[in-house]
Amino acid sequence: MKRAYLRHLPVALFIVVLALAPLCVSEFSVTLLDYIGLSALVALGLVLLTGVGGLTSFGQAAFVGLGAYTTAYLSTAHGVSPWLALCAGLLITLFVALALGLITLRLSGHFLPLGTIAWGISLYFLFGNIEWLGGHTGISGIPVLDFFGIELKSPQQFYYLIWMVVMGAMLATRNLLDSREGRAIRALKGGTLMAEAMGVNTPRSKIVIFTIAALFACISGWLYAHLQRFVNPTPFSLAQGIEYLFMAVIGGVANVWGALLGAGLITLLKQWLQDWLPQLLGQSGNFEVIVFGVLMIVMLQRARDGLWPIILGWWPQRPASRATFAGAALARRQPPVAGTLLLEVKDASKRFGGLVANNRMNLCVSSGEVMALIGPNGAGKSTLFNAISGVDPVSSGEVHFLGEAVQALGAREIARRGMSRTFQHVRLLPTMSVLENVAIGAHMRGRKNFLHAAFRTERAEEASLLHEAALQIERCGLGGHENDAAGSLPLGKQRLVEIARALAADPSLLLLDEPAAGLRYLEKQTLAALLRRLRAEGMGILLVEHDMDFVMGLADRVVVMEFGEKLAEGRPEEVQRNPAVLEAYLGGVA
Ligand code: ADP
Ligand code: MG
């Protein structure tokens, strides 16, 4: 209880200081604080989009412009109430963000930032060249904002509205990140492959954060227009878009407080430099841009994650609270009757250019069966796993899962049907806790969306998901590691985390790619016992493994691969006696 108080103390203090600030400082300082708040709102969107989601946008200023121009135009030319104009602005921004997102978010690597630059510039010139938007002169005479009967005329009056919005947006963003949808968003940065294999709709997650970031920017623009009561295109240029990104990077791209810190620092620094540099250099000009550039280079060299993590480091580290995982049990899939044919691979071939990695492979797995797939390195085992799970589909041939042809479906669709997998090269999110990593596996078993998350109306479901994750962690022998960062565990244990994550999906068929590699003897024993238990519960297991003792003691049947082809198939003792296998796999050792 006492610890919980201490945990919230800094935030409580901050809010008190924030509330009292306008009473204690000059009007000029309050104006500055207003602008910090407006920038923080845009930077917050970038924390979500760039810091957490890994999608870089230089074009946020254009969305600020959309919000500002919509209200400026509607309220001056048509006498629309600013609040109605806000709704219109949000709708327009929603529409534009969805359209731009659907086009640009498909772009990968540096094409995405380039795309954002392109539309950032386009919208800017649009504002400047449309006559009824006032061209480069802009629109003046924007009405005062009326807040429940109070006219917000002065920066002081505006201050409370701005900061209420900023604090609300920060809270909603933090809530969102700490949820099922939030985990899916945080998984984007590690590449979409794993997330899709866990049933996450990654294009949707990208669109969601892109749209939220745009809407935050739009609200900032709307506030700006009514604070300034005048708009022209200049503040919505690409240069300003870069500055917003700069704020997020300086503050700390992966934390909501980083947005605040970055916006504060850059706004104050800019003000200060604009005052002092011309005096120092004896001539006027935008010299602060040079200083910002140098600062950016230093930051990227010295503190990639921004300043916020450094400040956090000064704070006495509190021990990670052991979250309570008391939620109702999740509904489970109806398990298939023992002996049901789960997986049937028919003549599956996979070519990488001229290389035939899988050549007309056939195999099947039934429920309540452990099938081992063995063969020397490069035989094509992982390739076949990727083909079966839809991560990298077959070039020809068919894959049937529970009687349905699934070779044309994506990984997400196949995962939904009850197939789950681990990866040979572990794909965890190293900075996230073991609990959160495993909870990603249970993603498909939750229904509540990002709006529920932002307003915390999904807590019961979230508790159930975490409860399920904790159960699977315990089951895989990792109890006590729930709050450890996944990347801090030894590789063998990370493989167990992957198994727990796959199990959290409640699969009928489990695909394990070298699960015992890096495990110690006792850990292997525990894993074998777990797999036997799963088999007894009716799960089908397809397993790639190099440890022959492990495989032979566990598998019901074995398929041996070499050069992409099936060399032999049978019960372990049959395969071990097969001369072709001995020749190929054991190098002819009798
Ligand atoms: P195994 O898992 O049995 O060790 P893999 O399935 O990983 O073997 O690889 C089979 C062959 O396919 C290897 O020769 C490998 O180099 C090749 N291969 C695997 N993935 C790709 C890829 N994405 N592009 C090109 N070649 C690949
Ligand atoms: Mg492999």
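The values are calculated or read from the model by the stated rules, or taken from the named source; none is laboratory data. Nothing here was measured: the structure is a model prediction, and the numbers come from that model. For neighbour counting, all protein chains shown are included, and Cβ atoms are generated from backbone atoms with ideal geometry for every residue, glycine included.
When the residues of segment 387-426 are filtered to those that are of a type in the set (D, E, K, R) and within 16 Å of ligand 1 (Cβ to nearest atom), which remaining residue is surrounded by the most Cβ atoms within 10 Å (Cβ to Cβ)? Reasoning before the result, please.
We begin by selecting, within segment 387-426, every residue of a type in the set (D, E, K, R); these are 392, 398, 404, 412-413, 416-417, 421.
Pick out the ones that are also within 16 Å of ligand 1 (Cβ to nearest atom) and you get 392, 421.
Values: ASP392: 16, ARG421: 28.
Out of the qualifying residues, it is ARG421.
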Look at ASN386 and say whether it is within 16 Å of ligand 2 (Cβ to nearest atom) and part of a helix (DSSP H, G or I). yes
Cβ-Cβ distance below 9 Å, separation of 6 or more or different chains: which pairs start in segment 28-43 with a residue that is part of a helix (DSSP H, G or I) and end on one that is small (Gly, Ala, Ser) and surrounded by fewer than 23 Cβ atoms within 10 Å (Cβ to Cβ)? SER29/ALA21; VAL30/ALA21; VAL30/SER154; LEU33/ALA21; LEU33/GLY264; ILE36/GLY264; SER39/GLY264; ALA40/GLY264
Which condition number does GLY306 fail, the rest of (1) of a type in the set (Gly, Ala, Ser); (2) at pLDDT 80 or above; (3) loosely packed, with under 10 Cβ neighbours inside 10 Å being met? (3)
Give me a count of the residues in segment 475-491 that are surrounded by fewer than 15 Cβ atoms within 10 Å (Cβ to Cβ) and under 20 Å from PRO507 (Cα atoms). 0
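Return yes when ILE374 is within 15 Å of ligand 1 (Cβ to nearest atom), at negative phi, modelled with pLDDT under 95 and in contact with a Phe, Trp or Tyr (Cβ under 9 Å, 6 or more places away or on another chain) and no when it is not. Reasoning before the result, please.
On the way: within 15 Å of ligand 1 (Cβ to nearest atom): yes; at negative phi: yes; modelled with pLDDT under 95: yes; in contact with a Phe, Trp or Tyr (Cβ under 9 Å, 6 or more places away or on another chain): yes.
Against the criterion (within 15 Å of ligand 1 (Cβ to nearest atom), at negative phi, modelled with pLDDT under 95 and in contact with a Phe, Trp or Tyr (Cβ under 9 Å, 6 or more places away or on another chain)), ILE374 qualifies.
Before we move on, is PRO393 in contact (Cβ under 8 Å) with a residue 12 or more places away in the chain and either among the hydrophobic types (A, V, I, L, M, F, W, C) or within 13 Å of ligand 2 (Cβ to nearest atom) (or both)?
Working: in contact (Cβ under 8 Å) with a residue 12 or more places away in the chain: yes; either among the hydrophobic types (A, V, I, L, M, F, W, C) or within 13 Å of ligand 2 (Cβ to nearest atom) (or both): no.
Judged against the criteria, PRO393 is not a match.
Determine whether ASN358 is more than 30 Å from GLY252 (Cβ to Cβ), within 16 Å of ligand 2 (Cβ to nearest atom) and at pLDDT 90 or above. Full working, then the answer.
Working: more than 30 Å from GLY252 (Cβ to Cβ): yes; within 16 Å of ligand 2 (Cβ to nearest atom): yes; at pLDDT 90 or above: yes.
Considered against the rule, which asks whether it is more than 30 Å from GLY252 (Cβ to Cβ), within 16 Å of ligand 2 (Cβ to nearest atom) and at pLDDT 90 or above, ASN358 comes out as yes.
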Among (1) part of a strand (DSSP E or B); (2) more than 14 Å from PHE423 (Cβ to Cβ), which single condition is LEU512 missing? (2)
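Being within 16 Å of ligand 2 (Cβ to nearest atom) and in a helix (DSSP H, G or I), is that true of even one residue in segment 411-427? Steps first, answer last, please.
Residues of segment 411-427 within 16 Å of ligand 2 (Cβ to nearest atom): 421-427.
The next check asks that each one be in a helix (DSSP H, G or I); those that pass are none.
Within segment 411-427, none of the residues are within 16 Å of ligand 2 (Cβ to nearest atom) and in a helix (DSSP H, G or I).
Determine whether ALA239 is touching a strand residue (DSSP E or B) at 6+ places or on another chain (Cβ under 7 Å), more than 20 Å from GLY53 (Cβ to Cβ) and either at pLDDT 95 or above or in a helix (DSSP H, G or I) (or both). Even if it seems obvious, please write down each step before you answer.
Values: touching a strand residue (DSSP E or B) at 6+ places or on another chain (Cβ under 7 Å): no; more than 20 Å from GLY53 (Cβ to Cβ): yes; either at pLDDT 95 or above or in a helix (DSSP H, G or I) (or both): yes.
So ALA239 does not fit the description; no.
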Under 9 Å by Cβ, and 6 or more places apart or on different chains, what pairs join a residue from segment 424-436 that is in contact (Cβ under 8 Å) with a residue 60 or more places away in the chain with one that is hydroxyl-bearing (Ser, Thr, Tyr) and within 16 Å of ligand 1 (Cβ to nearest atom)? GLN424/SER382
Please identify the pairs in which a residue from segment 455-473 that is at positive phi has its Cβ atom under 7 Å from the Cβ atom of a residue that is in a helix (DSSP H, G or I), counting only partners at least 6 apart or on another chain. ARG456/ASN175
In the set LEU384, LEU355, LEU363, LEU342, the lone residue that is crowded, with 20+ Cβ neighbours inside 10 Å and either more than 8 Å from ligand 1 (Cβ to nearest atom) or more than 23 Å from GLY199 (Cα to Cα) (or both) is LEU342
Hey, ASP506 within 16 Å of ligand 1 (Cβ to nearest atom), under 26 Å from SER367 (Cα atoms) and either among the basic types (Lys, Arg) or within 36 Å of the chain's Cα centre (by Cα) (or both) or not: no
Could you list, in sequence order, the residues of segment 465-474 that are within 22 Å of the chain's Cα centre (by Cα) and either surrounded by fewer than 22 Cβ atoms within 10 Å (Cβ to Cβ) or not in a helix (DSSP H, G or I) (or both)? HIS467
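Name the single residue, out of those in segment 366-388 being hydroxyl-bearing (Ser, Thr, Tyr) and out of contact with any Leu (no Cβ under 6 Å at 6 or more places or on another chain), that is farthest from GLN576 (Cα to Cα). Quick ask: steps written out before the conclusion?
Start the filter on segment 366-388 by keeping residues that are hydroxyl-bearing (Ser, Thr, Tyr), which leaves 366-367, 382-383.
Remaining after also requiring out of contact with any Leu (no Cβ under 6 Å at 6 or more places or on another chain): 382-383.
Values: SER382: 22, THR383: 24 Å.
Per the criteria, the residue is THR383.
Any residue at all in segment 371-390 that's within 16 Å of ARG557 (Cα to Cα), touching a Pro at 6+ places or on another chain (Cβ under 6 Å), in contact (Cβ under 8 Å) with a residue 12 or more places away in the chain and not charged (D, E, K, R)?
Kept after step one, since they are within 16 Å of ARG557 (Cα to Cα), are these residues of segment 371-390: 371-375, 381.
Next cut, touching a Pro at 6+ places or on another chain (Cβ under 6 Å) only: none.
Taking every residue of segment 371-390 in turn, none turns out to be within 16 Å of ARG557 (Cα to Cα), touching a Pro at 6+ places or on another chain (Cβ under 6 Å), in contact (Cβ under 8 Å) with a residue 12 or more places away in the chain and not charged (D, E, K, R).
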